[in-house]
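Student: Encoded as structure tokens, here's the structure I'll be asking about.
We did not get these values from a lab; they are worked out from the coordinates using the rules stated. The model shown is predicted, which means the values in this text are computed figures rather than measured ones. Glycine gets a Cβ as well: all are built from the backbone with ideal geometry, and neighbour counts include every protein chain shown.
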Amino acid sequence: MNRNNKKDILLAMIRKGAPMTFSQQARLVLSLATPAILAQLTTTMMQYIDASMVGSLGASASAAIGLVETTMWLMGSICSAAAAGFYVQVSHQLGGNDPARARATLRQGIMSVLVVSLLLGMTVLAISPFLPRWLGGGEDICSTSSVYIAIISLGLPAFQFSMFGYGMLRSSGNMVVPSVMSVVMMALDVFFNFFLIFPTRPMEVLGTQVMMPGAGLGVEGAAIGTVSAEAVAATVTMYILCFRKGELCLRQDSGRFLPTWNVVKNAMHIGLPMGLQQTIMTSAYIVTTIIIAPLGTIAIAANSFGIIVESLCYMPGYGVADAATTLVGQTIGAGRHDLMKRFAWLSVGLGVAIMSVMGVVMYVASPFAMAMMTPSLEVRQLGVEVLRIEAFAEPMFGAAIICYGVFVGAAKTIAPSIMNLASMWGVRITLAALLAPTMGLRGVWLAMCLELCFRGMIFLVKLWTWKLKPQKKI
């Protein structure tokens, strides 16, 4: 019996109300989390390659992208919240053995997230000429940043449907396809960038000198490559979701794509607090960028590369959180609240353990990782210093990430969103503003480290004291 069949049997035990041993629970958590963790790690490594391609163009090119990076997070956060409003409903409906209703929610979700992504993309496109200056960027990078964010905004529907498709597949327990497609997307991004960023140049291949074709578009080429890769991934993912064999295959029945108020209301109940939280959280990241911008191009570039390197640590945490969201959603849909709490703590324990190990790896390997990113010695040295500060926060950051995934799966997003906002604005931004003038970028990352430790603690307390009341099925 292969691993996928074993996983499906264990998921069926949840839906049928069958008792599960601790060993079976642990195997199910691992079977769902492992593909997502491996995909996150692989994707992060490819992001290193992607960033190093841009980094080879110099600190100004890296800073041009880094300046609008937080705006891209904001766009991604809103799209993620819109998708979550629907795939959490589907998770509950599948857990309650109602696949027909889940497919109806899927259809209505497709139209809803399309509208959200188009409106958001047009808004960002309209402000793209002014955005880099609003963020405090220098004249040497503003025009490049504007072009980059404009191209990304045009591809926002592709980003939206990637997130939507991945979330829907995970809600049904399919972690493999989203994980594989994440890796494929990043591989395509690297492939496209290889030809779009650099000009035609001589290269040595297997001892032979060849002329490698290239468009020589620089930062603009990086944006086109990213959007193109995302469009391919979104198309394939949505095809697999909607037309291949599975519980959510739309060929099994027919239904309306125009959203009904009940489905939209449930989606807003789940997604709106997440969207507001992530918007305000990302606004805090933008404020952090504004705090960092006066520190100079070296600090902006080091911060941008440092974030990419750090993601090697925290991306596995998001992989475990995806598994936790799926398991919590399905167990609540099946009415098995005690089992849900056990899955929650198993997921948190696994995630904290993994991120503790990765924190040690980041501390030791940060000089090598930064050397891959940029030839600038100043950027490397500053990046290593801030990464070693951040390494101490990774276990508690993992706790916060996975606890939040648990609450999303339970469709309880209001209180956790408030906790995230209070921690970010009350601790990180306040400390960063106080420490940056005297400690520079090191002070900003020290503030981040302290805030993540605080956030992890309050989420663990929230999970420990959480009493889930009987709720109406969604």
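Student: For the chain, what is the charge dipole size about the Cα centre, in debye to the nearest 20, if Lys and Arg each add +1 at the Cβ and Asp and Glu each add -1 at the Cβ? Working shown, then result.
Tutor: Details: 31 positive and 20 negative charges, 469 e Å.
The calculated dipole for the chain is roughly 2260 debye.
Student: Still on this model: How large is the helix-only mean residue ellipticity at 222 nm for the chain, computed as the sum of -39500 (n - 2.57) over DSSP H runs with n ≥ 4, divided by its residue count, in deg cm²/dmol to the nearest 500?
Tutor: Working: 17 runs with 377 residues, N = 474.
That calculation yields -28000 deg cm²/dmol at 222 nm.
Student: So which of Lys16/Lys265; Lys341/Lys412; Lys412/Lys462 end up more than 19 Å apart, counting from Cα to Cα?
Tutor: Checking Cα-Cα distances, Lys16/Lys265 exceed 19 Å.
Student: Please order Met274, Met396 by the number of other Cβ within 10 Å, starting at the fewest.
Tutor: Met396, Met274
Student: What is the helix-to-structure angle for 99-127, meaning the angle in degrees between its Cα long axis and the longest Cα principal axis of the chain, kept from 0 to 90 and rounded to the nearest 10?
Tutor: 20 degrees
Student: If you don't mind, there's one more thing I want to ask. Would you mind checking the tilt of helix 156-171 against the longest principal axis of the Cα atoms of the chain, expressed as 0 to 90 degrees and rounded to 10?
Tutor: Here the helix axis deviates by roughly 40 degrees.
Student: Please order Cys313, Cys79 by the number of other Cβ within 10 Å, starting at the fewest.
Tutor: Ordered from fewest to most neighbouring Cβ atoms within 10 Å, Cys313, Cys79 come out as Cys79, Cys313.
Student: Compute the long axis of helix 441-465 from its Cα atoms, compare it with the longest principal axis of the Cα atoms of the chain, and write down the angle in degrees, 0 to 90, nearest 10.
Tutor: Relative to the chain, helix 441-465 is tipped by roughly 10 degrees.
Student: Hey, could you grab the Kirkwood Rh for the chain? Inverse mean 1/r over distinct alpha carbon pairs, Å, one decimal.
Tutor: 22.8 Å
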